[in-house]
Protein chains: 2
Amino acid sequence: MDSVPYIALVAAAAGLALAAYFFGVVKRADPGTPRMVELMEAIQQGARAFLRREYSWVSGFVVIMAVLIFAFLDYGRPWGAIAYVAGAVLSALAGFIGMTVATLANARTTQAARSGPQTALPLAFRGGAVMGFSVAGLALFGLAASYLVFVEWLEVDDAFQVVTAFGLGASSIALFSRVGGGIYTKAADVGADLVGKVEAGIPEDDPRNPATVADNVGDNVGDVAGMGADLFESYAGSIIAPIALAAFAFTFSPVLQERALLFPLAVGAFGMAASIIGAFTVQTAANATARDLARSLHRGTNVAALITIVLAFVFGWVFFGDVDAVENWWGFPVAVVAGLLVGTGIGFVSEFYTSDHYGPVKKIAQQSETGPATTILGGLSAGMSSVASAVVLIVVAVLVAYWAANEAVPGEDITGIYGIALAAIGMLATTGVVVSVDAYGPIADNAGGIAEMAHLPPEVREVTDSLDSLGNTTAAVAKGFAVGSAAVTALALFKAFEQAILVEGDVLSLDVGQVDTFAGLFLGAMLPFLFAALTIDAVGRAANKMIEEVRRQFREIPGLREGAEGAVPEYARCVDISTQAALREMLVPGGLAVAVPLVIGFVSVDALGGFLAGALVTGFALAIFMANAGGAWDNAKKYIEAGNHGGKGSEPHKAAVVGDTVGDPFKDTAGPSMNILIKVMTIVSLIFASAFV
Amino acid sequence: MDSVPYIALVAAAAGLALAAYFFGVVKRADPGTPRMVELMEAIQQGARAFLRREYSWVSGFVVIMAVLIFAFLDYGRPWGAIAYVAGAVLSALAGFIGMTVATLANARTTQAARSGPQTALPLAFRGGAVMGFSVAGLALFGLAASYLVFVEWLEVDDAFQVVTAFGLGASSIALFSRVGGGIYTKAADVGADLVGKVEAGIPEDDPRNPATVADNVGDNVGDVAGMGADLFESYAGSIIAPIALAAFAFTFSPVLQERALLFPLAVGAFGMAASIIGAFTVQTAANATARDLARSLHRGTNVAALITIVLAFVFGWVFFGDVDAVENWWGFPVAVVAGLLVGTGIGFVSEFYTSDHYGPVKKIAQQSETGPATTILGGLSAGMSSVASAVVLIVVAVLVAYWAANEAVPGEDITGIYGIALAAIGMLATTGVVVSVDAYGPIADNAGGIAEMAHLPPEVREVTDSLDSLGNTTAAVAKGFAVGSAAVTALALFKAFEQAILVEGDVLSLDVGQVDTFAGLFLGAMLPFLFAALTIDAVGRAANKMIEEVRRQFREIPGLREGAEGAVPEYARCVDISTQAALREMLVPGGLAVAVPLVIGFVSVDALGGFLAGALVTGFALAIFMANAGGAWDNAKKYIEAGNHGGKGSEPHKAAVVGDTVGDPFKDTAGPSMNILIKVMTIVSLIFASAFV
């Protein structure tokens, strides 16, 4: 068993090597005409400038938190603070790498699209895969290395708290990247659309629109860098949760405890292997249809999932088959597989509610015939309905994992919770390939933008559009994994928090019949609503600034609207406005997520317990609601644009555009931020548990 | 102390006498021209027909539930089933009386409006007061009588469970009245608006629109009868909760227990007296301005509240001043007053977010300049923000009431919960006058409709409009009381449920760290979203049927659109369609509210405990969110219609109309149904507690 952390390191290195290889493939591809290169570089510069400034703001926050951890918490001082910074740095690095390759792959995908989808799809996918495997590789590397350094070499006291601090570092970056990136991308998108399409009457991505570069930058900083940091954090969190629980559980059997501590790293390692194999199955024939393309991407995730299921049982037998304290070794792999299957199930729920192949989107498109009000109501109710199936699936995963782990080692509640944590890791075991498929979407989206701005023939845009709409569906699946694992991981971390309080000699009352726990539950259920309101408002304010700037340029730059020769918009000004607005606006919601649990925790740990439970269940419900309502509106609009209900420019289309605009901050700002919100609050509580008591 | 139930009966009789007196005043008023009488009668017939059919459907449900209670529950058989039916009948009666007087008062208010607002306002208010005092009088009468019959005369075993069954009867009617009435009113409203205003280009309430009578019927069955049954249930529930808790608590001191059992009835009695005095202060001078009118209505509630506060301390001293087991008698009245003040506070929060005197509505009106999408986002985020203040206020009420009651009788957790129940009763002590002010709104609204349909001069419509817009704000205050008390009452009933399980010899684990409780919490948090989706969809489907019928009439009745002589629309067909659709659509959501807690309870009581807690906190948050978002959109539209941002017919106005239409099912169907949803589920669980174990 001593070799497990090294095996995890090797798997991480293999993932990173694959990322490097794909990076080379992308870099060598033809970036296209000088105009395309120019646009690509403008997007690159904008995205880099934003990330540089974002990271420099956030590093201030990271320093403060590191000092707090150093000052308030005595575990393994100074290692907790150091692990925290390491988690933050690796998470930021994952986002940066993803953004870098995405801004190289966009123009190259456009160029490849000139030879058809069968050339463009693998290129865009490989661009996405660089991020996918960087995220999973860096996270697995960081955790395996932390384990070796803190647990085995230095034998630090409270080593598992130190590993948790690594997770908090990752969460801190993820929180601000998701919120800041989400505000950036939607401020630019909404601002560009409202003035461009509505007022000036020019199409999306038209080079005359000054906000168009900012819009494309937004895809990279929000959907790529933000998502990368988010999934780094999710993946790391899902491995940390069972490790933290194993440290409290299984104290009655040192052999079992060691195996239980190492099993999560093993799942990470074989999940990585499965993802690598899955990634290589994404190939398309020369005469591929849209259906073939979709099948090709799905094949990648399905192959990886199947291999993971088989290996879960193999490794489960190797780890637990010969341990006396274990009655049924299959209990632990069943928990892993339950997570994986439910993750896929939630992905399917998202697909059902947001793809135009199914009823809900078709119904919203139909409702657009009676105007924007019915379109909005249709999307809201579709999003709210989707909460029911997703919650039922999560509850099934939780109950099955709990039951299975208790079959393995009967009698202890904490064993069941360890099983729940394994379900979370099962959901994210194939992160490498899942993120690859997800990150492919914004690259295809950007490729379309460049095709439009560089005045390429319409056939090229058609190819990139087909890739893009495919990306919307595959992204829904990835979001299902992300949000599902967030709920399950937060539940496991929540139990780890309870244990941490117990270890400090205090008993946490999570009885919601107690008045302080109930008050906490109530406040916790409220916070996601407040957080959503703050982020939606932030997008609105930032978009307004963008609108003013675009109007100013159309007014002051002669000939811009008409597209006269030599009338060049000042793209950089718009990029700058989005950057500043996003950074300013992310501080309040981001700060709240960290400050509120600290304040409540120092007042009453019981209230904090209730608070975390309330925020978890309501935050999950709002995350699913907003993501699926937003996705449904988006695809209802695309469905109409494909020629249904009157097609582009018709009254139903206008109504659908309203739905899409409302959905933008839902699905790309407020919704995805919920995942991190609930996890950051739980992990902050876990880290500061000893300080509260 | 033996006289307390009789005093409560006298107070109830006084309330009912006042209602009868006001009924006479309204009835004697001039109903206006023959055309007005004809319209009034059409509305009356439609409303009666709906209530008759609704009650006959619901009576089937009531019979089934009565049989279930009789069969499954052995307490005081057959008294539980009888009390259940009595609660249902009185609740239905309260709704019926309110509806009857409202459909008499509407045309009379129109007629009075011809002499100016100072004549019309008192008449409309008195119409509302008939319902307000019928609701409070019947509820107080029913509870005092139940107490006398079951507790003192028959000395039934489990008498407090029997009284709770009375509450469940009231809740059953309230649930279906709110959901069915809410679907009816919004289906008619949305259907009439979409075809009338948008397609046919005729103004609201134009007599050529076949759906216009159905629209006015809707105001009476939804906003009046539905609201009446709702507040009957809230008021009854708020008195039952402390009685049920007192039965479990204070067993160590028979004197204290008797006082604690009777104090809630005393609060009901003196609250009624205060309300009667408050109602008589609503008078207006001959030359009253809009400001004076508003002040006059506010005076009614404020006077009643002040008297209630003083009497709470007087009665608190009388009841608890000489009881040995009580350390500080002021603890109990402080709990009552905390509830009353927080109810007012939540009312103010609603007013702040939904009145055009404050920032949020002005901001939404401003956002309508950039189109419907930003209008929608503005309303959603205002609604979500308002959740924060309302939750903080509720938490304050809960904590203060808990603390104060524990100051009165230290050491017992259940005492604190009794205090929380007293806070709920404090919120609703002045129900008589609060409901009067609320029910005044739909009467004024109907009066405007009749003025329009009867082709009265525009000055009349101006007067009724000024009364109506005033009604929107005062209704917000009433909604604040209703939703706040729902949350606090549900919490108290939830604790009574815990006690009922304990009494059965089982221990309820409400520890959300336990996997089954947590699974319940998660499912509970999901249900309000599903319920909202179902009711919003129901409105959409019903509105669509209405749209088809209106289109058909415009197509098939020659000269209707042009308003030719002799071209009369078939109003009754539209009324019929709304009726059928509302009845069919209310079954699934209404049935869910009763069936889901029963199913979960028979599987696991721990899961049911978590489920109720999750549904309570999320349901409250959604209720506040939807009510305030809807109210804000409505008043943003009215603010624009008053001449701001371009006024009626401008692009911002069109955007605001979209917001208003989205808000309709939010504020009048899904939002208000949440209050009852959470209470019905809790009270069903409480009643069936012994069957679950």
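The values are calculated or read from the model by the stated rules, or taken from the named source; none is laboratory data. In this text, all values refer to a predicted model and were calculated from it rather than measured experimentally. Every residue, glycine as well, gets a Cβ built from its backbone with ideal geometry; the counts of neighbours run over all protein chains shown. The area values use the complete protein model at the heavy-atom level, side chains included, leaving out ligands, DNA and RNA. Shrake-Rupley method; radii C 1.70, N 1.55, O 1.52, S 1.80 Å.
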Being within 14 Å of chain A (Cβ to nearest Cβ) and either at pLDDT 90 or above or surrounded by 19 or more Cβ atoms within 10 Å (Cβ to Cβ) (or both) narrows B:LEU534, B:LEU502, B:LEU560 down to just B:LEU534
Looking at B:TYR353, B:TYR418, which one is of a type in the set (Ser, Thr, Tyr), at pLDDT below 95 and either assigned to a loop (DSSP other than H, G, I, E, B) or farther than 25 Å from B:GLY671 by Cβ (or both)? B:TYR418
Using the structure shown, decide if B:TYR84 is open to solvent by 10 Å² or more (accessible area, probe 1.4 Å), among the hydroxyl-bearing types (Ser, Thr, Tyr) and either under 28 Å from B:THR464 (Cα atoms) or touching a Gly at 6+ places or on another chain (Cβ under 6 Å) (or both). no
Any residue in segment B:338-356 that is within 20 Å of B:ALA405 (Cβ to Cβ) and open to solvent by 70 Å² or more (accessible area, probe 1.4 Å)? yes
On the given criteria, is A:ILE425 open to solvent by less than 20 Å² (accessible area, probe 1.4 Å), over 19 Å from the mean Cα position of the chain (by Cα) and hydrophobic (A, V, I, L, M, F, W, C)? no
Sole exception among (1) more than 9 Å from chain A (Cβ to nearest Cβ); (2) modelled with pLDDT under 95; (3) open to solvent by less than 10 Å² (accessible area, probe 1.4 Å) for B:ALA373, by number: (1)
If I go through segment B:184-208 residue by residue, how many of them are away from chain A (no Cβ under 13 Å), among the β-branched types (Val, Ile, Thr) and assigned to a helix (DSSP H, G or I)? 1
Output the number of the condition that A:GLU54 fails; it satisfies all remaining conditions of (1) open to solvent by 70 Å² or more (accessible area, probe 1.4 Å); (2) touching a residue at least 24 places away in the same chain (Cβ under 8 Å); (3) charged (D, E, K, R). (1)
Answer with yes or no whether A:ALA71 is crowded, with 24+ Cβ neighbours inside 10 Å and over 20 Å from the mean Cα position of the chain (by Cα). no
Please verify whether segment B:443-451 includes one or more residues that are open to solvent by less than 10 Å² (accessible area, probe 1.4 Å), within 11 Å of chain A (Cβ to nearest Cβ) and assigned to a helix (DSSP H, G or I). no
Lone qualifier among B:VAL550, B:VAL477 - being assigned to a helix (DSSP H, G or I), within 30 Å of B:SER578 (Cα to Cα) and touching a Pro at 6+ places or on another chain (Cβ under 9 Å): B:VAL550
Filter segment B:583-618 for residues that are open to solvent by 10 Å² or more (accessible area, probe 1.4 Å), β-branched (Val, Ile, Thr) and more than 13 Å from B:THR682 (Cα to Cα) and give the result. B:VAL588, B:VAL599, B:VAL603
Taking first residues from segment A:381-402 that are more than 7 Å from every other protein chain (Cβ to nearest Cβ) and second residues anywhere that are surrounded by fewer than 20 Cβ atoms within 10 Å (Cβ to Cβ), the pairs with Cβ under 6 Å that are 6 or more apart or on different chains are A:LEU393/A:GLY345
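Condition check: open to solvent by less than 10 Å² (accessible area, probe 1.4 Å), out of contact with any strand residue (DSSP E or B) (no Cβ under 8 Å at 6 or more places or on another chain), in a helix (DSSP H, G or I) and not acidic (Asp, Glu). Does B:ALA13 satisfy that?
Judged against the criteria, B:ALA13 is not a match.
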Looking only at segment A:289-337, how many residues end up being within 30 Å of A:THR119 (Cα to Cα) and either aliphatic (A, V, I, L, M) or open to solvent by less than 40 Å² (accessible area, probe 1.4 Å) (or both)? 13
Among the residues of segment A:471-488, write down those that are open to solvent by less than 10 Å² (accessible area, probe 1.4 Å), closer than 16 Å to A:ALA439 by Cβ and among the hydroxyl-bearing types (Ser, Thr, Tyr). A:THR474
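Please indicate, with yes or no, whether at least one residue in segment B:639-650 is open to solvent by less than 10 Å² (accessible area, probe 1.4 Å) and either within 11 Å of chain A (Cβ to nearest Cβ) or on the phi > 0 side of the Ramachandran plot (or both).
Checked against the condition, which is being open to solvent by less than 10 Å² (accessible area, probe 1.4 Å) and either within 11 Å of chain A (Cβ to nearest Cβ) or on the phi > 0 side of the Ramachandran plot (or both), segment B:639-650 yields at least one hit.
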Just give me the residues in segment B:561-587 being hydroxyl-bearing (Ser, Thr, Tyr) and within 26 Å of the chain's Cα centre (by Cα), in sequence order. B:SER578, B:THR579
Determine whether segment A:149-166 contains at least one residue that is among the hydroxyl-bearing types (Ser, Thr, Tyr), at pLDDT 90 or above and assigned to a helix (DSSP H, G or I). no
So B:LEU293, is it closer than 18 Å to B:THR473 by Cβ and of a type in the set (A, V, I, L, M): yes
In segment A:168-191, is there at least one residue being more than 16 Å from A:ALA236 (Cβ to Cβ) and among the hydroxyl-bearing types (Ser, Thr, Tyr)? yes
Of the numbered conditions (1) within 15 Å of B:ALA260 (Cα to Cα); (2) surrounded by 24 or more Cβ atoms within 10 Å (Cβ to Cβ), B:SER381 satisfies every one except a single condition; which is it? (1)
Inside segment A:264-288, can you point out the residues that are open to solvent by 70 Å² or more (accessible area, probe 1.4 Å) and in contact with a Pro (Cβ under 9 Å, 6 or more places away or on another chain)? A:GLN283
Test A:PHE248 against the stated conditions and say whether it is aromatic (Phe, Trp, Tyr) and within 14 Å of another protein chain (Cβ to nearest Cβ). yes
Would you confirm whether any residue within segment B:588-603 is free of Cβ contacts under 8 Å to residues at least 40 places away in the same chain, more than 23 Å from the chain's Cα centre (by Cα) and closer than 29 Å to A:ALA525 by Cα? yes
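Condition first: under 18 Å from the mean Cα position of the chain (by Cα) and buried (at least 24 other Cβ atoms within 10 Å of the Cβ). Now tell me which residues in segment B:100-134 satisfy that.
Step one: of segment B:100-134, the residues under 18 Å from the mean Cα position of the chain (by Cα) are B:100-102, B:125, B:127-134.
Within segment B:100-134, B:VAL101, B:ALA102, B:PHE125, B:GLY127, B:GLY128, B:ALA129, B:VAL130, B:MET131, B:GLY132, B:PHE133, B:SER134 meet the criteria.
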Selection from segment A:545-557 of residues that are open to solvent by less than 40 Å² (accessible area, probe 1.4 Å) and more than 14 Å from chain B (Cβ to nearest Cβ): A:GLU549, A:GLN553, A:PHE554, A:ILE557
Looking at A:ASP516, A:ASP468, which is the one that is within 14 Å of chain B (Cβ to nearest Cβ), of a type in the set (D, E, K, R) and either open to solvent by 10 Å² or more (accessible area, probe 1.4 Å) or on the phi > 0 side of the Ramachandran plot (or both)? A:ASP516
Taking the stated definitions as given, is A:PHE250 open to solvent by less than 10 Å² (accessible area, probe 1.4 Å) and assigned to a loop (DSSP other than H, G, I, E, B)? yes
